[in-house]
Every structure is written in C-alpha cells, then in structure tokens.
Amino acid sequence: MYSLILGGLFLIIAEIFKPKKHKIFKIYDINFIQSIIIGCVQALSLYPGCSRSGVTIATGVLLGFTRKVAIEFSFISSVPLLMGASFFEIFNNTKNLEILNFSTLFIGFFMSLLISIFFINKILNVTEKISLIWFGFYRFLISGLIYFKLLN
C-alpha cells in the first residue's frame with residue numbers, strides 16, 4: 001500500500017518538475033547514461049507493489065523524454081525481463097511439461113503478443129493526452145481502497 005502512495009507521488013513529482021523543454025523526442029535519441037540511470041531506478045521495483053513501468057516512465061520524463069518516448073522505452077525494456085522470467089519458469093517446470101502443452105503454450109504466447117500490441121498502442125494514445133498526475137491520483141485511490149479493505 002505504501003509503495004502505491006510513493007509511486008503516485010513519484011509520478012506527480014515527475015510531471016510537475018519535468019524540464020520545460022523536452023530533450024528526447026525519439027527512442028533512438030536516448031543515450032547510454034540515461035539508460036543506466038533508468039535501469040538503476042528500476043531497482044526500486046524489487047519492493048513489492050512498486051511499479052517498474054511507473055518508475056521507468058517517471059524517470060524518463062524527469063530526464064527530458066516526451067511521455068510517449070518514456071512509455072515506449074518502458075515497454076521495450078520490459079521485453080528482456082519478461083522473456084527471462086518466462087524462460088526461467090519453463091526451465092524450472094520442464095518435468096511438468098508434456099509435448100501436448102507446447103501447442104497450448106504457443107497459442108497462449110501468440111494471443112498474448114497480439115493483445116499486448118493492441119493495448120500498448122491504445123495506452124500510448126491515451127498517455128500522450130493525459131498527464132501523469134492523473135495516474136498518480138489513481139494510485140492514491142487504489143491505495144485508499146486497499147486500506148479500507150474494499151478490494152479484499
């Protein structure tokens with residue numbers, strides 16, 4: 001619950017204190033140092049409830065990225081993490097897999113990929129128009145609902 005509140009504060013602070021002029025307009029303009037900074041800040045997501053994408057986006061905005069570039073970077077940087085976690089789970093559960101399960105896994109992967117691409121495009125369109133402040137307030141609302149056990 002506390003990480004929801006802190007994450008919301010971080011999003012709001014990033015939106016308020018972002019540079020007046022953006023420095024990064026395309027994902028190809030991100031340099032090595034900026035990538036390292038974002039990678040280090042992502043370590044905060046090891047704390048339960050802390051959003052890896054939230055800290056990535058907020059840090060990118062503070063570094064002068066447009067919101068669209070920060071969100072694109074967040075999604076792209078999640079690919080190796082998700083693939084690594086998937087391979088780790090498959091490797092640890094090889095004795096539970098059967099030949100028949102591979103077709104099910106492939107169909108699940110393919111459908112997940114298609115749906116993810118569709119919704120990532122929708123999220124990019126929405127977040128270009130909506131301030132991160134609203135996402136911060138959303139995190140406060142969820143935190144309050146959890147506190148009052150409305151989501152349990």
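The values are calculated or read from the model by the stated rules, or taken from the named source; none is laboratory data. Owing to the predicted nature of the structure, the values given are computational and were not obtained by experimental measurement. Note that each Cβ is placed from the backbone with ideal geometry, even for glycine, and that neighbours are counted across all protein chains shown. Quick note on the areas: whole protein, heavy atoms, side chains included, nothing else; ligands and nucleic acids left out. Shrake-Rupley method; radii C 1.70, N 1.55, O 1.52, S 1.80 Å.
Residues in the range 4-50 that are of a type in the set (Ser, Thr, Tyr) and modelled with pLDDT of 90 or more: Tyr28, Ser35.
If you scan the range 59-101, which residues turn out to be of a type in the set (Ser, Thr, Tyr) and not in a helix (DSSP H, G or I)? If the condition is that a residue be of a type in the set (Ser, Thr, Tyr) and not in a helix (DSSP H, G or I), then Thr66 is the only one that fits.
If we scan the range 50-58, do we find a residue that is in contact (Cβ under 8 Å) with a residue 24 or more places away in the chain, exposed (fewer than 14 other Cβ atoms within 10 Å of the Cβ) and either within 20 Å of the chain's Cα centre (by Cα) or not in a helix (DSSP H, G or I) (or both)? No. Filtering the range 14-49 to residues that are open to solvent by 80 Å² or more (accessible area, probe 1.4 Å) and either under 25 Å from Arg139 (Cβ atoms) or hydroxyl-bearing (Ser, Thr, Tyr) (or both) leaves Ile16, Phe17, Tyr28, Cys40, Leu44, Leu46, Tyr47, Pro48. Please work out if Ala70 is touching a Gly at 6+ places or on another chain (Cβ under 6 Å), open to solvent by less than 70 Å² (accessible area, probe 1.4 Å) and free of Cβ contacts under 8 Å to residues at least 40 places away in the same chain. The answer is yes for Ala70.
If you check Leu141, Leu124, Leu113, Leu145, which single one turns out to be within 26 Å of Leu4 (Cα to Cα), in a helix (DSSP H, G or I), within 17 Å of the chain's Cα centre (by Cα) and of a type in the set (A, V, I, L, M)? Outline the logic, then answer.
Values: Leu141 fails: within 17 Å of the chain's Cα centre (by Cα); Leu113 fails: within 26 Å of Leu4 (Cα to Cα); Leu145 fails: within 17 Å of the chain's Cα centre (by Cα).
Every option except Leu124 fails the conditions.
Within the range 141-152, restricting attention to residues that are at pLDDT 85 or above and either of a type in the set (D, E, K, R) or open to solvent by 60 Å² or more (accessible area, probe 1.4 Å) (or both), which residue is farthest from Thr66 (Cα to Cα)? Residue satisfying both the conditions and the ranking: Phe148.
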